[in-house]
Amino acid sequence: MNPLFRTVALAFVLLPTSRVCAADLGVPSDHESKVFEGAVSFSQGLSGWALLIIGASIVTLVGTSYRRPRKWWARLIYLFFLPGWYFLVRSMLSGVNVQRAYLGYLFSNPPPEKLTLFKGAINDDALLQIQNIKLAVLCFAVWLLFYFAWWLWHTDPETQRGHLV
């Protein structure tokens, strides 16, 4: 038998079985790695949005380029920022947990029976991150609704050159 033919035949026989052996040994497939990478990328995007919303809300509080309520009772609408910030911070912490679970998956190279633990952890933390960012956006939407209502129906005395008109 020709040695070249024997090598090619052996390669065709061993190649499919090497994939089966790699799966049996717990080597993660390319599809599983891509799924984890996609979840982590989505989580990083949500964390970026949470940080952006926190920064924008702080700029709104300290900024002076818009009309703001003068009466103390009207400024109470800004209390909606507190639960909004709380949910945004929780969302970012859940995003960190997603990344921690992914790094644990990468470093441990788990066998298939332990892979479900990493999938479950990433899934639970990603869901918690989404829920928290939804609640935060709801808090800021309620603030915006009250602010628009105040802006439309409240009349502050207009000032002209520093004097009340």
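The values are calculated or read from the model by the stated rules, or taken from the named source; none is laboratory data. The model shown is predicted, which means the values in this text are computed figures rather than measured ones. Glycine also receives a Cβ, built like all others from the backbone with ideal geometry; neighbour counts cover every protein chain displayed.
Structural remarks
- For Tyr105, the criteria (1) touching a Gly at 6+ places or on another chain (Cβ under 9 Å); (2) closer than 17 Å to Ser43 by Cα hold in every case but one, which is (1).
- Residue list for the stretch 118-148, filter: small (Gly, Ala, Ser) and surrounded by 14 or more Cβ atoms within 10 Å (Cβ to Cβ): Ala121, Ala126, Ala136
- Conditions (1) modelled with pLDDT under 85; (2) more than 30 Å from Asp124 (Cα to Cα); number of the one not met by Ala22: (2)
- Of the residues making up the stretch 56-81, those that are in a helix (DSSP H, G or I) and either without any contact (Cβ under 8 Å) to a residue 12 or more places away in the chain or of a type in the set (Ser, Thr, Tyr) (or both) are Ala56, Ser57, Ile58, Val59, Thr60, Val62, Arg75, Leu76, Tyr78, Leu79.
- In the stretch 63-100, the residues that are farther than 25 Å from Ser47 by Cα and surrounded by 14 or more Cβ atoms within 10 Å (Cβ to Cβ): Arg68, Pro69, Ala74, Ile77
- Qualifying position, being modelled with pLDDT under 95, surrounded by 13 or more Cβ atoms within 10 Å (Cβ to Cβ) and among the aliphatic types (A, V, I, L, M), among Leu103, Leu115: Leu115
- Enumeration of residues in the stretch 90-140 that are under 16 Å from Ser33 (Cα atoms), in contact (Cβ under 8 Å) with a residue 12 or more places away in the chain and among the aromatic types (Phe, Trp, Tyr): Tyr102, Tyr105, Phe118
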